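Q: One structure follows; several queries about it will come next.
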Ligand code: NAD
């Protein structure tokens, strides 16, 4: 079982239904980004241990897929119930290692339980097809079958929910899984495994293994027993995973970065636009793939909008995420803060103006960044083209909708977008011409369990959630059945 040494939790790998010590001598310290305190030690699994986890998933898969789907769904519902029973402790674990506000961590925990229930409910609903044949006395059946062993490689920003986003559709459709959490936020995943171990889920169906991207992540992307790798993270890592998967033609599902444009028309409800864009930019301390990262505002309302947005961003209470009154907490690590500082410095050198914010706050860890609004930026600047992952909003202006759409589409990312207008014709033109996987009209960016979260261009391949997300975890088997009608 996981242990405590000198007040610090030491986690064990979860392979084939058992917690086990890693044979590795390497451990990684996990820190609280709000305080800098070390809160746990996690093993960096060896190659042999990753292979063991994959083998155990592979061995368990046949029996698991032979269970009726509704039986698999019951196991998922047991896990969802365990999550709800442990809501507060799980939320605190997430906040402690990721810096997420405790209120949002509670939302994440409950959303995760709901997500697992939602996917379990597909058990009686997903189906195959019977297709017309060109021949007499023939039936063509299209069966939907599991892919086999699915690996899930996770980032740190919604670490708990993303376990479910990979695991739940995979398990209900008869696959088994090996999950690798981010080394920044592994504790919640080990707590998740503990809850799984308290249910009757058959051994080997769910495995959890921690460690580096170069050893654990690489093996989970390239081992010939893996049928599909489901990855969420950055574009560079996604590229590496796709290359590693190519050697064994492993299916990839990649949920990558974003640079979501928000378009504010001159007829927009500016109060609504400011509230929604601010909300979208500061949620999870500015670290969400689908949230507003650049704003295009109509020149007729630009001055008023920028004043309102800057006031709103300035009045954001920064503090320890565990305290209920805090509105924004720390960024995940020093590299993230330095990336934002570099983007802002380059923009300032190119003539940009910081309207509010622009600096890290004085704090024990130095990881708190002020909510920031930047103007006088140009479309070609890195701050407008690269993912920021912090509470920083560059604002540009436009003359008409055609120009706004052109600027919004001018990005290597294509995850989400939003537009604020009260004119139906404008909204529908934007729907037709915006080249993104999602568009939010007059609301903040946040996807639904039953939608489909899938990026265009470098934002990814494949997608998650809803019916289409479930089907990612299935492959087809077409059977041609010829029979002799006259035979007695
Ligand atoms: P990251 O790409 O640095 O790491 C993600 C995971 O990949 C980690 O577990 C890491 O250990 C692993 N990894 C690293 N190298 C690897 C390799 N060579 N092979 C296999 N695995 C490897 O991403 P991050 O910093 O943890 O997360 C932030 C990124 O995630 C942002 O770009 C964000 O936009 C993206 N994200 C996207 C979505 C989405 O739904 N599209 C959701 C959340 C986060």
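Q: Only one of these is more than 30 Å from residue 348 (Cβ to Cβ), surrounded by fewer than 21 Cβ atoms within 10 Å (Cβ to Cβ) and within 16 Å of the ligand (Cβ to nearest atom): 438, 433, 447. Name it.
A: That would be 447, the only listed residue that is more than 30 Å from residue 348 (Cβ to Cβ), surrounded by fewer than 21 Cβ atoms within 10 Å (Cβ to Cβ) and within 16 Å of the ligand (Cβ to nearest atom).
Q: Which count do you get for residues in region 304-335 that are over 15 Å from residue 369 (Cα atoms) and in contact with a helix residue (DSSP H, G or I) (Cβ under 6 Å, 6 or more places away or on another chain)?
A: 5
Q: Go through region 15-44 residue by residue and tally those that are farther than 26 Å from residue 102 by Cβ and within 23 Å of the chain's Cα centre (by Cα).
A: 1
Q: Right, here's the next one. Do the conditions hold for residue 147, that is, is it closer than 24 Å to residue 121 by Cβ, crowded, with 18+ Cβ neighbours inside 10 Å and free of Cβ contacts under 8 Å to residues at least 40 places away in the same chain?
A: For residue 147, the condition - closer than 24 Å to residue 121 by Cβ, crowded, with 18+ Cβ neighbours inside 10 Å and free of Cβ contacts under 8 Å to residues at least 40 places away in the same chain - is not met.
Q: Evaluate the following for residue 199: is it surrounded by fewer than 24 Cβ atoms within 10 Å (Cβ to Cβ), over 18 Å from residue 466 (Cα atoms) and more than 18 Å from the chain's Cα centre (by Cα)?
A: Yes.
Q: Go through region 172-189 and report how many residues are within 17 Å of residue 15 (Cα to Cα), out of contact with any strand residue (DSSP E or B) (no Cβ under 7 Å at 6 or more places or on another chain) and more than 10 Å from the ligand (Cβ to nearest atom).
A: Counting residues in region 172-189 that are within 17 Å of residue 15 (Cα to Cα), out of contact with any strand residue (DSSP E or B) (no Cβ under 7 Å at 6 or more places or on another chain) and more than 10 Å from the ligand (Cβ to nearest atom) gives 1.
Q: Also, I was wondering about something else. Just a yes or no: is a residue in region 348-355 in a helix (DSSP H, G or I) and farther than 19 Å from residue 281 by Cα?
A: Scanning region 348-355, I find at least one residue that is in a helix (DSSP H, G or I) and farther than 19 Å from residue 281 by Cα, so the answer is yes.
Q: Would you confirm whether any residue within region 359-373 is assigned by TED's automatic domain parsing to the domain that holds residue 277 and either part of a helix (DSSP H, G or I) or out of contact with any strand residue (DSSP E or B) (no Cβ under 9 Å at 6 or more places or on another chain) (or both)?
A: Yes, the conditions are met somewhere in region 359-373.
Q: Next question. Residues in region 394-412 that are within 16 Å of the ligand (Cβ to nearest atom) and within 24 Å of residue 353 (Cβ to Cβ): how many?
A: 1
Q: While we're looking at this one, here's another question. Looking at region 413-422, is at least one residue within 12 Å of the ligand (Cβ to nearest atom), farther than 30 Å from residue 126 by Cα and in contact (Cβ under 8 Å) with a residue 60 or more places away in the chain?
A: So far as region 413-422 goes, yes, one or more of its residues are within 12 Å of the ligand (Cβ to nearest atom), farther than 30 Å from residue 126 by Cα and in contact (Cβ under 8 Å) with a residue 60 or more places away in the chain.
Q: Taking region 462-481 as the region of interest, how many residues are surrounded by fewer than 16 Cβ atoms within 10 Å (Cβ to Cβ) and within 16 Å of the ligand (Cβ to nearest atom)?
A: Counting residues in region 462-481 that are surrounded by fewer than 16 Cβ atoms within 10 Å (Cβ to Cβ) and within 16 Å of the ligand (Cβ to nearest atom) gives 1.
Q: Quick one: count up the residues across region 197-219 that are farther than 14 Å from residue 166 by Cα and either near the ligand (Cβ under 7 Å from one of its atoms) or outside any loop (DSSP other than H, G, I, E, B) (or both).
A: Of the residues in that region, 9 qualify.
The values are calculated or read from the model by the stated rules, or taken from the named source; none is laboratory data. Remember, it's a predicted structure, so these values are computed and weren't measured experimentally. Methodologically, a virtual Cβ is constructed for each residue, glycine included, from the backbone with ideal geometry; neighbour enumeration extends over all protein chains shown.
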